[in-house]
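Everything below concerns the one structure shown next.
The values are calculated or read from the model by the stated rules, or taken from the named source; none is laboratory data. The structure presented is a predicted model; accordingly, all values stated were derived computationally and were not measured. Quick reminder, even Gly has a Cβ in these numbers, built from the backbone with ideal geometry, and neighbours come from all protein chains shown. Areas reflect the complete protein model, heavy atoms only, side chains present, ligands, DNA and RNA absent. Shrake-Rupley method; radii C 1.70, N 1.55, O 1.52, S 1.80 Å.
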Amino acid sequence: IKLIFDCVSLLKMAPLVKTESAEVTLGVGKDKKTFMFLKDSYKIVQGGILTDTRFLQSIIQFSKVEKDFINNETVELMAPYLALDGFSPSTARNASRAAEGLCTWCKAMVDYNEASKMVKPKLEALRLAEARLQDAERDLFKAEMRLKSCQDVLGALQQDFDRQLATKRSIEENAKSTRKRMEQATSLISGLAGERTRWNNDREEFANIKSQLIGDIALACAFVAYCGPFNQVFREYLIHSKLSADLRERKIPLSHNLDLTDFLADIGTIGDWNLAGLPTDPLSIQNGILVTRSSRFPLLIDPQGQALNWICNFEENRMPHFGVSSFSNNRFREQMEFCLAEGKAMIVAGVEQELDPLLTPILEKQIVTKGKSKYITVGGKVCDYSDEFMLYLVTRLPNPHFSPEEQSKCTIVDFTVTQKGLEEQLLGRVIQKEQRSLEESLKNVLEEVNGNTKSLLKLDQMLLERLSENSGNLLDDEELITVLADTKLKATDVKEKLIAAAEMRKNINEKREQYRPVATRGSVLYFTIVDMSQVNCMYQTSLDQFQVLFDKSMEVSEKANLAMKRVNNIIEAMTYISYRYINKGLYEHDKTSFKLIMTFKILTTANKLDSRSISLFLRGGSALDITQAKPKPFQWMSDEAWLHILQLSATIPMFKAIVEDIQSNEAAFLPWYNSNEPEKFPIPILEPRIADLEDVTYNFNRLLILRCFREDRTLLAVNDFIRKVDFIDQHGGRLPVMGPKYTEPVTDTVESVYKEMESTTPVIFLLSAGADPTDSIETLARRKRKEIECVSMGEGQDVVAMRAINTATSMGSWVLLQNCHLGLDFVDSLEDVLLRFRQPESNC
């Protein structure tokens, strides 16, 4: 302990005794040793260090602060102590824990001194580095302060720069906007200047139209409401002679010669109708207006099927999946309910003289509205009703008789084709066949004109809407400027295209006109055939049938390089083919009538004969009364002949003095009148007078005179007239009319009939008593190696006949139905069956 306190005193530089030798005992027990060493200073320690109550705190303070002040001399003085073998903490522990701690502390202080000799230079260097760091940080702080000051100045300058730049940008944008407004103003002024003249004219015209609008609308409404069932001539009579006159009498303003077609439909809409298959003649256009503008559902009188074809194309997007229906359809009610709910276009074909009572609430539009939904009661069942629903009723009867009640429920529209309208259609058909590229060019021109016209109307409407709806500055409406520019460019482009199209159409029409005689003859022949239905209702022929003959004539006629020669060949072939086809279905006593009607129509259309002369030929003097007429001066002349001659003298100026001619030359007329064949001899006195006339007129006048004098020889004279009228001069050339082959007897065999047959067009044999073509048909079937099944119609044979037809359809065999007058109901339904065979995928 004493030695330990000597070391403590050395470290703390406390006073020690004078250095001298003395015995020192170390260790305990066996290890206890006594040896000579330095004299301890314990007594001084007891009086100094150990009396200090803060001894422990001083030791701790020394360890923290004063340990760095230990010098080498102190360490050297402590070295003898530390070198002693017994100077160790373990030995000191024998004395006390405190002694052990002080021994350990002393050793630790010496060890620290040794270690600090290596660390201290580094610590000195650290302190120097830290000092330099502090100086650098002070310099950095000063620099950062200067930088912050510069950045503050820079920020203020940047803000000022941004403000100035924003001001500059605002000025530039304002300048750009002003420049753009100037450009838009220039464009607006330029655009509106181009429209100014047209709009001023339109304004004046609109003011005039507005003043007359009441009368125009009244006339248009009357036209839509009442003119549908009539033909074009009577419609014009009603509009101009009755309705317009009545409005003027009531002093209601009305446009002069108002064109109802232009008033009720624009050219773009009419173009769409034409592209859908509506004929381009005025009557058809009026019918399209009546169908689309009437508030009532239309009932179309459509003997030729043109209206049905147009409606199918026009309503193609709204047609139901089942297509065209009819009253005989078993699912008619379900189909009607479906169309009512889905807003489809319901087309009912095959309407006869009466309408199905199921349609009454629909035709009368007995619609009930509940909330946003609409309903209608059909056959006792409440059905959904859509405003998009449309109903079209189509009848093939040329002159149906509907009750007034039924007529009042719908708008009846007569779609019966006119001769001029059919001529235009046939012209397109012959050009399509003979000059296909020409017809396609015309079609493309019409489509382009229609599209351009519609675009111009749409742009005009859009421009006027933008001008009327604009509430701000017009210069700010860029879309308006764009629309105006587009309208101007489009208008200029359309005008140029319309001019080019008009020129092209003119050139095309000039080329098309070369083939017009073919279309004219076709139209004349068809209406001749139609007129025969007035002789006997059995003689009805559809337009589809005639178009097949028309196409066939172009196929079988002789080809020619010259257009006029080709036209003559087609006309000659078409006339004869039509004659032979119709002649097969006529009774013998009607065949001459048909040829004569055909001849008269051809000559009338060619302006070679007038209707007054033909009427005289047909009626003669039947309207005169022998008791009231001028007394007959000739005993040898019959009363009928006298009345005919009186009518002839009153009707034809050339024969005004025929009575005086007969009286002054009675001796010449009597032998001719009494001859057995007067048609073979010259007519006395009158022959030189008519000999200088054109061949057609000369031959007709001979026929007319003969008909008046000798009615009994008229039939023979008619055949002679038909034989002689073979050509007429027209259109700078000679067109064929009739000729000798039309008066020669012809016989149609089963073999010749077979050559013209089609699988879906049955042949009907009208048999006289004792006639039976069964053997001839069976013989032909064997020759053609075809199986034939004969079914004799009667009660219960409908199923057998239908089974035979289905078998023949799949096997390619023949079916012969006998005694069809005993199964008229089945024959009536056979038309629908054959239509399905002909058009299995068509909705029409």
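A few notes on this one:
- Flag for Phe655 being touching a Leu at 6+ places or on another chain (Cβ under 7 Å) and at pLDDT 90 or above: no
- Within the stretch 764-787, residues that are under 12 Å from Val750 (Cβ atoms) have Cβ atoms under 7 Å from residues that are hydrophobic (A, V, I, L, M, F, W, C) and in a loop (DSSP other than H, G, I, E, B) in these pairs: Pro773/Phe765, counting only partners at least 6 apart in sequence or on another chain.
- Summed over the stretch 74-114, residues that are outside any helix (DSSP H, G or I), open to solvent by less than 70 Å² (accessible area, probe 1.4 Å) and among the charged types (D, E, K, R) total 0.
- For the stretch 417-430, a residue qualifies if it is closer than 23 Å to Met532 by Cα, buried (at least 17 other Cβ atoms within 10 Å of the Cβ) and touching an Asp or Glu at 6+ places or on another chain (Cβ under 8 Å), and the qualifying residues are Thr418, Gly421, Glu424.
- Of all residues in the stretch 807-816, those satisfying the criterion of being free of Cβ contacts under 8 Å to residues at least 40 places away in the same chain and either surrounded by 12 or more Cβ atoms within 10 Å (Cβ to Cβ) or not in a helix (DSSP H, G or I) (or both) are Thr807, Ala808, Thr809, Gly812, Ser813, Trp814, Val815.
- Top-ranked residue in the stretch 196-231 [being open to solvent by 60 Å² or more (accessible area, probe 1.4 Å) and in contact with a strand residue (DSSP E or B) (Cβ under 7 Å, 6 or more places away or on another chain); ranked as farthest from Lys420 (Cα to Cα)]: Phe230
- Residue count for the stretch 427-445, restricted to those that are closer than 13 Å to Gln514 by Cα, at pLDDT 75 or above and part of a helix (DSSP H, G or I): 5
- Boolean, Glu124 is open to solvent by less than 90 Å² (accessible area, probe 1.4 Å) and among the acidic types (Asp, Glu): yes
- Reported count of residues in the stretch 272-290, each being touching a Leu at 6+ places or on another chain (Cβ under 7 Å) and either of a type in the set (Val, Ile, Thr) or under 19 Å from Val449 (Cα atoms) (or both), is 1.
- Residues (aromatic (Phe, Trp, Tyr), over 18 Å from Asp720 (Cα atoms) and more than 42 Å from the chain's Cα centre (by Cα)) located in the stretch 572-615: Tyr587
- The helices (runs of 4 or more DSSP H) found entirely in the stretch 232-322 that carry 3 or more residues being open to solvent by less than 50 Å² (accessible area, probe 1.4 Å) and closer than 27 Å to Gln212 by Cα are 244-249, 260-264, 267-275, 282-293.
- Number of positions in the stretch 628-676 that are more than 19 Å from Pro688 (Cα to Cα), open to solvent by less than 40 Å² (accessible area, probe 1.4 Å) and in contact with a Phe, Trp or Tyr (Cβ under 6 Å, 6 or more places away or on another chain): 1
- Count of residues meeting criterion [of a type in the set (Val, Ile, Thr) and closer than 19 Å to Glu236 by Cα] in the stretch 269-292: 4
Residue by residue, here is whether (1) of a type in the set (S, T, N, Q); (2) surrounded by 13 or more Cβ atoms within 10 Å (Cβ to Cβ); (3) touching a helix residue (DSSP H, G or I) at 6+ places or on another chain (Cβ under 7 Å) holds:
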| site | (1), (2), (3) |
| --- | --- |
| Arg782 | no, no, no |
| Ala801 | no, yes, yes |
| Asn819 | yes, no, no |
| Leu824 | no, no, no |
| Leu830 | no, yes, no |
| Arg838 | no, no, no |
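- Residue count, the stretch 586-620 (criterion: outside any helix (DSSP H, G or I) and free of Cβ contacts under 8 Å to residues at least 60 places away in the same chain): 4
- Residue count for the stretch 546-563, restricted to those that are touching a residue at least 24 places away in the same chain (Cβ under 8 Å), surrounded by fewer than 16 Cβ atoms within 10 Å (Cβ to Cβ) and of a type outside the set (Asp, Glu): 1
- Flag if Lys724 is open to solvent by 30 Å² or more (accessible area, probe 1.4 Å) and more than 29 Å from Arg566 (Cα to Cα): no
- Lone unmet requirement of (1) at pLDDT below 80; (2) open to solvent by 40 Å² or more (accessible area, probe 1.4 Å); (3) under 16 Å from Leu16 (Cβ atoms) for Val45: (2)
- Residues located in the stretch 727-772, provided they are over 16 Å from Val696 (Cα atoms), outside any loop (DSSP other than H, G, I, E, B) and either among the hydroxyl-bearing types (Ser, Thr, Tyr) or open to solvent by 90 Å² or more (accessible area, probe 1.4 Å) (or both): Tyr742, Ser752, Tyr754, Lys755, Glu758, Thr761
- Hits in the stretch 565-589 (condition: closer than 18 Å to Phe546 by Cβ and open to solvent by less than 50 Å² (accessible area, probe 1.4 Å)): Ile570, Ile571, Ala573, Met574, Thr575, Ile577, Ser578, Tyr579, Ile582, Asn583, Gly585, Leu586
- Tally, over the stretch 598-616, of residues that are surrounded by fewer than 19 Cβ atoms within 10 Å (Cβ to Cβ) and either among the hydrophobic types (A, V, I, L, M, F, W, C) or in contact with a His (Cβ under 9 Å, 6 or more places away or on another chain) (or both): 1
- Single unsatisfied condition, Cys221 versus (1) over 22 Å from Lys454 (Cβ atoms); (2) touching a residue at least 40 places away in the same chain (Cβ under 8 Å); (3) part of a helix (DSSP H, G or I): (2)
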